[in-house]
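The values are calculated or read from the model by the stated rules, or taken from the named source; none is laboratory data. Small disclaimer: the values here were computed from a predicted structure and weren't measured. FYI the Cβ positions are ideal-geometry reconstructions off the backbone, even for glycines, and counts take in every protein chain you see. Heavy atoms of the whole protein, side chains included, go into the accessibility calculation; ligands, DNA and RNA do not. Shrake-Rupley method; radii C 1.70, N 1.55, O 1.52, S 1.80 Å.
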Amino acid sequence: MAGIYIHIPFCKKACHYCNFHFSTSLHRKADFLKALHAEIHAAAHYHPYLNAQPAETLYLGGGTPSLLTFSELESLFELLHEKFSFVKNSEITMEANPDDINPDALKSWKQLGINRLSIGTQSFFEDDLKWMNRAHNAVQAEEAIRLAHGMGFDNLNIDLIYGTPTLSDENWMRNLEKARTMGINHLSCYALTVEENTALQHFVKKGKTLPPEEGHQARQFEILQDWAERREWEHYEISNLCTPGHRSRHNSHYWTGKPYAGFGPSAHSFDGFFTRKMGIANNALYIKAWLENIGKPYDIESLTEHQRLNEKIMTGIRLIEGIELTEKERIISNTKLSEKQWNQMIKTKLKCEENGFIELLNNKIILTKKGRLFADAIASWFFL
Ligand code: SF4
C-alpha cells in the first residue's frame with residue numbers, strides 16, 4: 001500500500017548542519033499552500049497508483065510542518081481526505097519542533113487525526129542545541145514530550161544527533177536514557193555529517209569549528225548499538241530504533257520499495273517499479289509551476305534494472321532483515337542475476353564474511369554489529 005508525503009518548506013531558523021529544502025522567510029507561505037493544493041488536485045494524473053489502493057500512511061515533514069496554523073492544516077487535511085482514501089488504521093505522522101509544541105497546537109493536531117509525532121529534539125543538552133543553532137532550548141526539549149504525552153500522543157519519535165564535537169559519550173548515553181525514561185517509543189539517530197552548502201561546512205572550512213571526528217562518531221554508534229541491545233529496543237534500521245511493534249510504517253515504505261507519492265518542493269515519489277519523481281526544490285519555481293503553469297514541477301528519473309537492484313541493496317542492507325541471496329534461483333531481492341553478477345556477489349559475500357561484517361541467516365545477508373559501522377561502504381561492494 002502506498003504512503004503519502006507532504007513537504008512543508010519553511011523553518012524558523014536554519015540549523016547549522018541542515019541541507020534539507022526550506023526557507024526561513026515565510027512571506028510566500030500562503031502562495032505555497034495554494035500551489036500545494038493545486039499539486040494535490042493533479043495527483044490522479046501524476047500518481048495514478050495512489051487511486052488504485054488506499055494509502056496506509058501520511059507523513060508531514062519538512063522543513064517544519066508544525067509552523068502551519070490550525071486552519072492551514074485543516075484545509076490541507078480536508079483536501080487529502082477528499083482526494084485519497086486511507087486504510088482504517090493509517091499511520092499519520094507530523095514532524096514538530098519542540099518550540100511549536102503547546103497544549104492548543106497538540107489538541108488541534110489530535111483533532112485532525114494525527115496519531116504520531118516526530119519531534120526534532122536532537123539533544124537534551126543546551127550546549128549541543130546552541131552549537132546546532134536549534135530554535136529550541138533544553139527545557140523545551142523535555143517539556144514538548146511531556147505535553148505530547150499529556151495530550152494522549154503515545155506514538156512518539158524523537159530525532160537525535162550524535163558525533164557533534166560538543167556531545168560527550170556520557171551525554172550521548174544520557175540522551176538515549178532520557179528518551180527511554182520519558183516514554184519515547186521510536187528514535188531516529190543520525191551521525192552528524194558536514195553537508196554541502198551548510199553553515200557547518202562554512203565553519204569547518206574557516207576553522208571555526210572542528211569537523212566530526214570519525215572515531216568519536218563510531219564510538220557513539222557503538223554506544224547506541226549496545227544500549228539498544230541492553231534495553232531490548234529493536235534496532236531495525238541503521239538510524240532507526242523502536243520498542244517492539246513501533247516501527248515507522250511510513251519510512252518502511254521507502255526502505256522496502258513500496259510506492260509513495262510526495263507533494264511539495266523537493267518531495268520525492270516512487271511508483272514501486274522504475275519511476276521516481278523529484279519535485280522542484282525551489283519555493284518560487286514550485287509556486288510558479290503549479291499556479292501559473294510556468295516551468296516543470298517535477299524531474300522524472302527512469303531507473304534501469306541495475307540502478308533498482310543497487311537501490312534495493314543500499315536500503316535493504318541497512319535493515320535488520322538484510323537482503324535476500326537465494327543460491328538456487330540466483331535471485332537477489334526478486335531480481336535475477338547473470339552468471340557473472342552472481343559470481344561477483346559470492347566473492348563479495350565471502351570477503352565480508354571473512355572480515356566479520358555480515359552473517360548469513362535463511363539466505364539473507366545481515367550486517368553484524370561491526371558491519372553496521374560500515375553499512376554504506378559494504379552496500380557499495382555489492383553493487384553491480
Ligand atoms: S528545523 Fe529541521 S528542516 Fe529546519 S533547518 Fe532545522 S533540521 Fe533543517
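Filter the range 1-34 for residues that are more than 8 Å from the ligand (Cβ to nearest atom) and of a type in the set (D, E, K, R) and give the result.
ARG28, LYS29, ASP31, LYS34
Output the residues belonging to the range 354-384 that are surrounded by 15 or more Cβ atoms within 10 Å (Cβ to Cβ), of a type in the set (D, E, K, R) and over 24 Å from the mean Cα position of the chain (by Cα).
LYS364
Can you work out which of the residues in the range 113-135 that are in contact with a Pro (Cβ under 8 Å, 6 or more places away or on another chain), closer than 25 Å to HIS202 by Cα and open to solvent by less than 10 Å² (accessible area, probe 1.4 Å) is farthest from the ligand (Cβ to nearest atom)?
Filtering the range 113-135 for residues that are in contact with a Pro (Cβ under 8 Å, 6 or more places away or on another chain), closer than 25 Å to HIS202 by Cα and open to solvent by less than 10 Å² (accessible area, probe 1.4 Å), the one farthest from the ligand (Cβ to nearest atom) comes out as THR121.
Determine which member of the set LEU76, LEU26, LEU33 is buried (at least 20 other Cβ atoms within 10 Å of the Cβ), of a type outside the set (Phe, Trp, Tyr) and touching a residue at least 12 places away in the same chain (Cβ under 8 Å).
None of the other options fit; the residue is LEU76.
Do we have any residue at all in the range 236-252 that's touching a Ser or Thr at 6+ places or on another chain (Cβ under 8 Å), under 16 Å from ALA55 (Cα atoms) and not charged (D, E, K, R)?
Checked against the condition, which is being touching a Ser or Thr at 6+ places or on another chain (Cβ under 8 Å), under 16 Å from ALA55 (Cα atoms) and not charged (D, E, K, R), the range 236-252 yields at least one hit.
Please find, among PRO212, PRO244, the residue that is more than 19 Å from the chain's Cα centre (by Cα), at pLDDT below 95 and either under 30 Å from LEU26 (Cβ atoms) or part of a loop (DSSP other than H, G, I, E, B) (or both).
PRO212
Just the residues that are in contact with a Lys or Arg (Cβ under 8 Å, 6 or more places away or on another chain) and touching a residue at least 40 places away in the same chain (Cβ under 8 Å), please, taken from the range 249-287.
Answer for the range 249-287, where residues must be in contact with a Lys or Arg (Cβ under 8 Å, 6 or more places away or on another chain) and touching a residue at least 40 places away in the same chain (Cβ under 8 Å): TRP255, GLY257, GLY262, HIS268, SER269, GLY272, ASN283, ALA284, ILE287.
So that you can scan it fast, the table gives a plain yes or no per residue for (1) assigned to a helix (DSSP H, G or I); (2) more than 23 Å from the chain's Cα centre (by Cα); (3) within 23 Å of SER252 (Cβ to Cβ):
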site: CYS15; (1), (2), (3): no, no, no
site: SER25; (1), (2), (3): no, yes, no
site: ALA35; (1), (2), (3): yes, yes, no
site: LEU50; (1), (2), (3): yes, no, yes
site: LEU58; (1), (2), (3): no, no, yes
site: GLU72; (1), (2), (3): yes, yes, no
site: SER75; (1), (2), (3): yes, yes, no
site: LEU79; (1), (2), (3): yes, yes, no
site: GLU82; (1), (2), (3): yes, yes, no
